[in-house]
Amino acid sequence: MKYTRALGETPKGTGDTEILRRAGAVLEAMIVNEETFPGPLPSLEVLQAAKDTYESRLAVSSKTRGLQDISLKNEAKAALAYTLQKLAFYVNTVADGHLPTLYASGFRITSPVVKGQVPYSPSWIKGGDGHLSVSVNVDFQKVDGNNVAYEYCYAVTDDLDGVPEWGNIVHTRTTRKNIIDGLVPRTVLHIRVRAVNANGVSEWTPAIKHIVR
């Protein structure tokens, strides 16, 4: 199997919300790209069930703090991690190192760092409601490599069918909790991201849409 691959491992210490976010990103991407991944093993229904079970037990254990509930939550987390690992193996078998196919899976992607090479684009972006109203929190995949920074830009339209007119480019070094504020409720925020290093910039990611609350 090629070195460039989907990362299905869940490192020890991965946060509760992080593994749920990863599972959600994979589910969303593979449902959209079902023609690219026919007959996934395990099935997306199995992944959804594992995610739902873990999310439910996490909610219970957070309220009760009981040892039994925490143990059940940890058991469900391990089951979800194992399901993601098996599904990543399926994705890597199908993709065989082909980057567009790997990106379509929603998994984090690893690839060899080549001296003098521009970075790859992040393989996913996620928009969420910010802590304040009319703000949006933007997360995206961390790209492998030394001294990699990121640029994102956004545009606002009145509805989901609007054509974005891209605004100013924002430079950041963090892939989590990039806040866009001062927005208007019920408008649609379009967001795209690219990675930057000393050798140049990646292609822009496909834009995502998020309805401002």
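The values are calculated or read from the model by the stated rules, or taken from the named source; none is laboratory data. The shown structure was predicted, so the numbers you read here are calculated from the model rather than taken from an experiment. Cβ placement follows ideal geometry from the backbone for every residue including glycine, while neighbour counts extend to all protein chains displayed. Just the protein is used for accessible areas: all its heavy atoms, side chains included, with ligands, DNA and RNA removed. Shrake-Rupley method; radii C 1.70, N 1.55, O 1.52, S 1.80 Å.
When 163, 196, 156, 170 are checked against the criterion of being farther than 30 Å from residue 43 by Cα, assigned to a strand (DSSP E or B) and out of contact with any Pro (no Cβ under 9 Å at 6 or more places or on another chain), 170 stands alone in meeting it.
If you check residue 146 against the conditions, is it at pLDDT below 95, open to solvent by 60 Å² or more (accessible area, probe 1.4 Å) and outside any loop (DSSP other than H, G, I, E, B)? In short, no. Can you name the residue in the range 36-85 that is open to solvent by 70 Å² or more (accessible area, probe 1.4 Å) and basic (Lys, Arg) and, of all such residues, is nearest to residue 140 (Cα to Cα)? The residue in question is 57. Listed by position, the helices (runs of 4 or more DSSP H) contained in the range 34-121 that have at least 3 residues being at pLDDT 95 or above and on the phi < 0 side of the Ramachandran plot are 44-64, 67-95. Can you find a residue in the range 14-35 that is among the hydroxyl-bearing types (Ser, Thr, Tyr) and open to solvent by 70 Å² or more (accessible area, probe 1.4 Å)? Yes: the range 14-35 contains one or more residues that are among the hydroxyl-bearing types (Ser, Thr, Tyr) and open to solvent by 70 Å² or more (accessible area, probe 1.4 Å). A search for C-beta distances below 6 Å between a residue of the range 158-181 that is at negative phi and any residue that is open to solvent by 80 Å² or more (accessible area, probe 1.4 Å) and assigned to a loop (DSSP other than H, G, I, E, B), counting only pairs 6+ apart in sequence or on different chains, returns 175/142. Among the residues of the range 121-131, is there at least one that is in contact (Cβ under 8 Å) with a residue 40 or more places away in the chain, touching a Ser or Thr at 6+ places or on another chain (Cβ under 7 Å), of a type in the set (Val, Ile, Thr) and open to solvent by 60 Å² or more (accessible area, probe 1.4 Å)? No: the range 121-131 contains no residue that is in contact (Cβ under 8 Å) with a residue 40 or more places away in the chain, touching a Ser or Thr at 6+ places or on another chain (Cβ under 7 Å), of a type in the set (Val, Ile, Thr) and open to solvent by 60 Å² or more (accessible area, probe 1.4 Å).
Would it be correct to say that residue 134 is touching a Pro at 6+ places or on another chain (Cβ under 8 Å), assigned to a loop (DSSP other than H, G, I, E, B) and either of a type in the set (Ser, Thr, Tyr) or open to solvent by 20 Å² or more (accessible area, probe 1.4 Å) (or both)? When the stated conditions are applied, residue 134 passes them.
Within the range 4-26, being assigned to a loop (DSSP other than H, G, I, E, B) and either more than 19 Å from residue 103 (Cα to Cα) or among the hydrophobic types (A, V, I, L, M, F, W, C) (or both) holds for 11, 12, 13, 14, 15.
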